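Student: One structure, as structure tokens, below. Some questions next.
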Amino acid sequence: KAGVTQTPRYLIKTRGQQVTLSCSPISGHRSVSWYQQTPGQGLQFLFEYFSETQRNKGNFPGRFSGRQFSNSRSEMNVSTLELGDSALYLCASSSQVQETQYFGPGTRLLVL
Amino acid sequence: GDSVTQMEGPVTLSEEAFLTINCTYTATGYPSLFWYVQYPGEGLQLLLKATKADDKGSNKGFEATYRKETTSFHLEKGSVQVSDSAVYFCALSPLTGGFKTIFGAGTRLFVKA
């Protein structure tokens with residue numbers, strides 16, 4: 001099976017812009033979670049989607065949003081970018097039964 | 001709330017040395033526990049997991065035992081290799097609906113030849 005894929009791998013934006021990141025889960029996986037990784041805050045949970053519904057949400061401002069499509073692919077959107085949004089954004093997928101999450105390689109976002 | 005605390009790094013060892021990375025957690029009930037590894041420039045890979053008390057997870061020579069009484073999940077390896085150099089994350093997944101993995105801060109391991 002192909003692993004979790006994320007696009008794009010690298011992105012440079014300026015403050016105030018918005019960005020959309022994409023994640024394709026492992027075939028058959030219906031749960032997709034998003035995490036933000038920064039040197040200062042470490043790995044922080046953003047949100048989880050299951051069957052197109054947001055099931056869990058972390059403590060991030062409303063500028064961070066996401067959605068999941070019927071094919072389980074997920075997108076994450078960040079509006080009005082701030083310098084502090086520079087991070088590695090990781091997506092993980094899991095099947096309904098297993099607890100193990102499989103991570104993609106991440107999208108590295110740099111906000112200038 | 002739920003949290004994970006792991007020893008600060010970096011940890012520097014010589015090849016074939018014994019490795020221990022301490023991890024303790026705070027959680028309601030009995031969460032699943034994980035160790036993930038992140039190599040430079042890559043995403044996270046699951047190293048091992050344990051889903052109930054006294055379970056031992058193992059993979060690639062690494063081991064960790066779910067200790068409910070001490071709320072710990074320490075990672076050990078008897079003989080490290082240069083290729084083990086990476087960042088190691090201890091994590092828990094609460095027993096609630098859905099996934100919300102909570103990670104420790106990560107411990108960077110350097111192994112010298």
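Student: Restricting attention to region B:3-16, does a residue exist that is among the charged types (D, E, K, R), out of contact with any helix residue (DSSP H, G or I) (no Cβ under 8 Å at 6 or more places or on another chain), part of a strand (DSSP E or B) and more than 24 Å from A:Cys23 (Cα to Cα)?
Tutor: Scanning region B:3-16 turns up no residue that is among the charged types (D, E, K, R), out of contact with any helix residue (DSSP H, G or I) (no Cβ under 8 Å at 6 or more places or on another chain), part of a strand (DSSP E or B) and more than 24 Å from A:Cys23 (Cα to Cα).
Student: Condition first: part of a strand (DSSP E or B) and aliphatic (A, V, I, L, M). Now tell me which residues in region B:90-113 satisfy that. Reasoning before the result, please.
Tutor: Within region B:90-113, the first condition is being part of a strand (DSSP E or B), and the residues that meet it are B:90-93, B:102-103, B:107-112.
Those that are part of a strand (DSSP E or B) and aliphatic (A, V, I, L, M): B:Ala91, B:Leu92, B:Ile102, B:Leu109, B:Val111.
Student: Residue check, A:Ile12 against (1) of a type in the set (A, V, I, L, M); (2) within 13 Å of the chain's Cα centre (by Cα); (3) more than 10 Å from chain B (Cβ to nearest Cβ), all met but one. Which one?
Tutor: If we test A:Ile12 against (1) of a type in the set (A, V, I, L, M); (2) within 13 Å of the chain's Cα centre (by Cα); (3) more than 10 Å from chain B (Cβ to nearest Cβ), just (2) comes out false.
Student: Restricting the search to region B:51-89, which residues are part of a strand (DSSP E or B), within 14 Å of chain A (Cβ to nearest Cβ) and surrounded by fewer than 20 Cβ atoms within 10 Å (Cβ to Cβ)?
Tutor: Scanning region B:51-89 gives B:Asn59, B:Val87.
Student: Among B:Ser72, B:Ser79, B:Ser3, B:Ser14, which is the only one that is modelled with pLDDT under 95 and farther than 30 Å from A:Pro8 by Cβ?
Tutor: On the way: B:Ser72 fails: modelled with pLDDT under 95; B:Ser79 fails: modelled with pLDDT under 95; B:Ser14 fails: modelled with pLDDT under 95.
Result of the check over B:Ser72, B:Ser79, B:Ser3, B:Ser14: B:Ser3.
Student: Give the residues of region A:33-46 that are hydrophobic (A, V, I, L, M, F, W, C) and either within 9 Å of chain B (Cβ to nearest Cβ) or in contact with an Asp or Glu (Cβ under 7 Å, 6 or more places away or on another chain) (or both), sorted by residue number.
Tutor: First, pick out the residues of region A:33-46 that are hydrophobic (A, V, I, L, M, F, W, C): A:34, A:43, A:45-46.
Correct list: A:Leu43, A:Phe45.
Student: Still on this structure: Give me a count of the residues in region B:1-35 that are among the acidic types (Asp, Glu) and closer than 23 Å to A:Pro39 by Cβ. Reasoning before the result, please.
Tutor: Filtering region B:1-35 down to residues among the acidic types (Asp, Glu) leaves B:2, B:8, B:15-16.
Still in the list and also closer than 23 Å to A:Pro39 by Cβ: B:2, B:8.
Result for region B:1-35: 2.
Student: Quick check on region A:49-102: of everything there that is farther than 24 Å from B:Ser3 by Cβ, modelled with pLDDT of 95 or more and of a type in the set (A, V, I, L, M), which residue is surrounded by the most Cβ atoms within 10 Å (Cβ to Cβ)?
Tutor: Checked region A:49-102; the qualifying residue surrounded by the most Cβ atoms within 10 Å (Cβ to Cβ) is A:Val78.
Student: Something else now. Pick from region B:36-55 the residues that are out of contact with any Pro (no Cβ under 8 Å at 6 or more places or on another chain) and charged (D, E, K, R): which of them is nearest to B:Cys23 (Cα to Cα)?
Tutor: If we take residues in region B:36-55 being out of contact with any Pro (no Cβ under 8 Å at 6 or more places or on another chain) and charged (D, E, K, R), then B:Lys49 is nearest to B:Cys23 (Cα to Cα).
Student: Here's a follow-up. Surrounded by 14 or more Cβ atoms within 10 Å (Cβ to Cβ), under 22 Å from B:Ser93 (Cα atoms) and under 9 Å from the mean Cα position of the chain (by Cα): is that true of A:Leu46 in this structure? Let's see the steps before the verdict.
Tutor: On the way: surrounded by 14 or more Cβ atoms within 10 Å (Cβ to Cβ): yes; under 22 Å from B:Ser93 (Cα atoms): yes; under 9 Å from the mean Cα position of the chain (by Cα): yes.
Yes.
The values are calculated or read from the model by the stated rules, or taken from the named source; none is laboratory data. Note that the structure is a prediction, hence the values are computed from the model and not measured. Positions of Cβ are backbone-derived with ideal geometry, glycine not excepted, and every protein chain shown enters the neighbour counts.
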